[in-house]
1. Hey, can you tell me all the residues within segment 120-144 that are of a type outside the set (Gly, Ala, Ser), in contact with an Asp or Glu (Cβ under 8 Å, 6 or more places away or on another chain) and away from the ligand (no atom under 12 Å from the Cβ)?
2. If a residue must be open to solvent by 60 Å² or more (accessible area, probe 1.4 Å), more than 16 Å from residue 259 (Cβ to Cβ) and either out of contact with any helix residue (DSSP H, G or I) (no Cβ under 9 Å at 6 or more places or on another chain) or assigned to a loop (DSSP other than H, G, I, E, B) (or both), how many such residues does segment 200-222 contain?
3. Within segment 340-369, can you find the residues that are open to solvent by 50 Å² or more (accessible area, probe 1.4 Å), touching a Pro at 6+ places or on another chain (Cβ under 8 Å) and modelled with pLDDT of 95 or more?
4. Residues of segment 162-212 being among the charged types (D, E, K, R) and over 20 Å from the mean Cα position of the chain (by Cα), which ones?
5. Give the residues of segment 323-346 that are among the polar types (S, T, N, Q) and within 26 Å of the chain's Cα centre (by Cα), sorted by residue number.
6. Report, by residue number, each residue of segment 18-59 that is free of Cβ contacts under 8 Å to residues at least 24 places away in the same chain, not in a loop (DSSP other than H, G, I, E, B) and not charged (D, E, K, R).
7. For segment 21-42, state whether one or more residues are closer than 23 Å to residue 217 by Cα, open to solvent by 70 Å² or more (accessible area, probe 1.4 Å), within 17 Å of the chain's Cα centre (by Cα) and within 12 Å of the ligand (Cβ to nearest atom).
8. List the number of the failed condition for residue 232; all other conditions in (1) within 15 Å of the ligand (Cβ to nearest atom); (2) open to solvent by less than 10 Å² (accessible area, probe 1.4 Å) hold.
Amino acid sequence: MAVFMVLDITMKVLNVVGARPNFMKIAPIAEAMKATPGLQGLLVHTGQHYDAGMSDIFFSELGIPRPDVYLGVGSGSHAEQTARVMVEFEKTCLQEKPDLILVVGDVNSTMACTLVGAKLVIPVAHVEAGLRSGDRTMPEEINRLVTDALADLLFTTSRDADENLAREGVPKEKIYFVGNVMIDTLLKHREKASALDMLSPLGVKRNGYALVTLHRPSNVDDPAVFTGILEALRVIAETLPVVFPIHPRSRRKIEEFGLDPGRVQITDPFGYLEFLNLMSNASVVLTDSGGLQEETTILRVPCLTLRHNTERPVTITHGTNILVGTDRERILNAYRRVTGGDWKPAGPPELWDGHAGERIVQVIAGSRN
Ligand code: UD1
């Protein structure tokens, strides 16, 4: 009599998200995983971001399934937040017994879940590996270094990231240059976003306003730095409308320091589609966000980065990004140059083509054997 054995070759992957920039990165990966036989993706939301405007809206707009597991860790100091994610995520891992943990980006949840995986000897895949600002005062830089030191599969968005990893001794076989999942999401939703009417309610015109985001502790937690940046924005707002959808942390700092935004229009944070619409139509973006440096590169909107370094140099060499720093006069000079037409639109960086999520999932599926 023939004996048939059914082999269980399903690979269970815990896809981790925690904070706002993680959601658009996980969306194309979760989608590609769902379409791949033999892979079972479960979504774990750590709850690092929890306000509806910082979290829920991204799930509904991007069609991300509801999280299978919600850890509810919330805010706290770095140690508190990291520790809470670790304690809760360890329980999830012990219960779910995943074959792989997939983390994205560089937030505290990324590092915390990687540490848990490494200690439980569960392989970890890091999406957006190898980015380095060289600035260890940035919490994200610590998260990147720790995550990449421990990860087993490292998916990169650019060649410079591969070089950084090689320099740090990461074996070549672990590194996969796959492109940029954030850009997968942008290209997929660009048309839908363009159909929204965002400009008239704000009283601004296409190519007739500056869009601002700021939330880095180094910019908003120091009253002198935040004051200087806000002064530059106030000067700009005298001649061009300035729209500033504000992170809860920055709003609190404006109140705490008693800062006067002048004619700068401060709004609540927007959802993904709304913000994409605003970014696409802006004459210039001023930001300290990592993701916006990448998105403006594809949208061909000039981007002034209000930081002293960037972990995304490809947005400068291949994109619209200009590193400006935080000094009031330097911001204003760069703003005048760019709005005077002195900036270079550039081609998209290699493999930022809308298919990074599929490439990642192919590699993961191939790692089963
Ligand atoms: C985190 C990430 C940062 C990312 C940013 C995107 C780290 C170290 N930082 O920074 O890399 O660019 O998310 O937004 O992981 N808060 C709310 N509602 C929320 C979430 C936060 O009010 O839903 C407030 C809380 O007061 C909290 C503060 O914002 O203390 C900061 O939140 P936190 O998650 O610690 O860091 P972010 O500044 O958001």
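1. Quick first cut of segment 120-144, residues of a type outside the set (Gly, Ala, Ser) only: 120-124, 126-128, 131-132, 135-144.
Now narrow it down to the ones that are in contact with an Asp or Glu (Cβ under 8 Å, 6 or more places away or on another chain): 120, 122-124, 126, 128, 131-132, 135, 140-141, 143-144.
Those that are of a type outside the set (Gly, Ala, Ser), in contact with an Asp or Glu (Cβ under 8 Å, 6 or more places away or on another chain) and away from the ligand (no atom under 12 Å from the Cβ): 120, 122, 123, 124, 126, 132, 135.
2. The initial filter retains those residues of segment 200-222 that are open to solvent by 60 Å² or more (accessible area, probe 1.4 Å), namely 200-201, 203, 205-207, 218, 222.
Adding the requirement that they be more than 16 Å from residue 259 (Cβ to Cβ) leaves 200-201, 203, 205-207, 218.
From what is left, the residues that are either out of contact with any helix residue (DSSP H, G or I) (no Cβ under 9 Å at 6 or more places or on another chain) or assigned to a loop (DSSP other than H, G, I, E, B) (or both) are 200-201, 203, 205-207.
Count: 6.
3. The answer is 358, and nothing else.
4. Quick first cut of segment 162-212, residues among the charged types (D, E, K, R) only: 162-163, 167-168, 172-174, 184, 188, 190-192, 197, 205-206.
163, 167, 168, 172, 173, 174, 191, 192, 197, 205, 206, listed by residue number.
5. Going through segment 323-346, the residues among the polar types (S, T, N, Q) turn out to be 326, 333, 339.
Matches in segment 323-346: 326 only.
6. Selection gives 52 alone.
7. Let us first name the residues in segment 21-42 that are closer than 23 Å to residue 217 by Cα, namely 21-25.
Subsequent filtering for residues that are open to solvent by 70 Å² or more (accessible area, probe 1.4 Å) retains none.
No - not one qualifying residue is present in segment 21-42.
8. If we test residue 232 against (1) within 15 Å of the ligand (Cβ to nearest atom); (2) open to solvent by less than 10 Å² (accessible area, probe 1.4 Å), just (1) comes out false.
The values are calculated or read from the model by the stated rules, or taken from the named source; none is laboratory data. Being a predicted model, the structure only gives us computed values, none of them experimental. Here Cβ is always computed from backbone atoms with ideal geometry, including for glycine, and neighbour counts include all displayed protein chains. The accessibility values were calculated without ligands, DNA or RNA, using every heavy atom of the protein model including side chains. Shrake-Rupley method; radii C 1.70, N 1.55, O 1.52, S 1.80 Å.
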